[in-house]
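The values are calculated or read from the model by the stated rules, or taken from the named source; none is laboratory data. This one's a predicted model, so the numbers in the text were calculated from it and none came from an experiment. Note that we place each Cβ from the backbone using ideal geometry, even for glycine, and neighbour counts take in every protein chain shown. Areas reflect the complete protein model, heavy atoms only, side chains present, ligands, DNA and RNA absent. Shrake-Rupley method; radii C 1.70, N 1.55, O 1.52, S 1.80 Å.
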Amino acid sequence: FLSGQTGKRLDLPQGVMAEKTYSFVVFSTVKEDRNIDSGGGEWGPRSLNVPGITEIPAVSVRISAEVFPVEAVRGRVFSAPPEDAYLDLDKLELPLTVGPRKEGDTFQPLGCAGSKKIKKYLIDKKVPQSRRAQVPIVYDSRGIVWVAGFCIEDRAKVTDCTKQVLRLQLRQYRN
C-alpha cells in the first residue's frame, strides 16, 4: 500500500479508510467521505453573503466577505496568504455563490496566460483526491472567481483602476 500509486485507498476495520497521498497517508472515516460528496446533500452550491459570513458545515469552513475602498487594503493585496482573496468588486457579476467544483470547471489562475481545469489545478497543487471535493469554489454569474485557499481568477484581480475591493477569507473550524 505505502509503495503504491497516489490516490490508492484501503478500507480498514470500523469504517476507517486510508488513502495514499503524494507524501503521506491520510486516515478518514467512511462517514466523512460520504458527507462531502461532490455535489449533492448538504455540500451543494449556496449563496455567498456579501458582506457577511457564509458557513459550510459539510467541509468545516466559513467564508467571510467584506468590502473596502482600495486605499484601505492596498498594502495587503499582494502579500495576502492563500486563505485570503482580494478581488476587484466592480469586475464581479453578483450574486456570488460557493460550492464544490463542477465537472469540467475551468478558470484562468492569477498571472497565467491560459485557462486550466480545476481538477488539473488541484492535482498540480498536490491536493489529495479525497480532499478535492472539499475545496470551496466561489463563482459569480460569469464563472469561477476564487479557488478558496489557493488562487483567484485573473479577471477578478485588483489593478490600478480598482476602486472597491472585496476581501474573502477562508477559515477552518470544527463541527
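What region 97-168 shows is 46 Å² of accessible area per residue, with the surface traced by a 1.4 Å probe over protein heavy atoms. In this view, the solvent-accessible surface of L10, computed with a 1.4 Å probe and all protein chains in place, comes to about 70 Å². Of the residues C112, C161, C151, ranked by 1.4 Å probe accessible area with the largest first, the sequence reads C161, C112, C151.
Which percent of the accessible area of region 94-138 is formed by carbon and sulfur heavy atoms (probe 1.4 angstrom)? With neighbouring chains kept in place, the figure for region 94-138 is 50 percent.
Is region 89-148 rounded, prolate or oblate when judged by the Cα gyration tensor, a ≥ b ≥ c being the square roots of its eigenvalues, rounded requiring a/c under 1.5 and prolate requiring a/b larger than b/c? Before the final figure, lay out each step's value.
On the way: a/c = 2.27, a/b = 1.40, b/c = 1.62.
Oblate, since a/c reaches 1.5 and b/c is not below a/b.
Can you work out the FRET efficiency for the pair R46 and D160, with r the C-beta to C-beta distance and R0 = 30 Å, to the nearest 0.05?
Efficiency for this residue pair is about 0.35.
Partners of K20 within straight-line reach, counting lysines whose Cα lies under 22 Å from its Cα and excluding those fewer than 8 residues away in the same chain: K8, K31, K119, K120, K125, K126.
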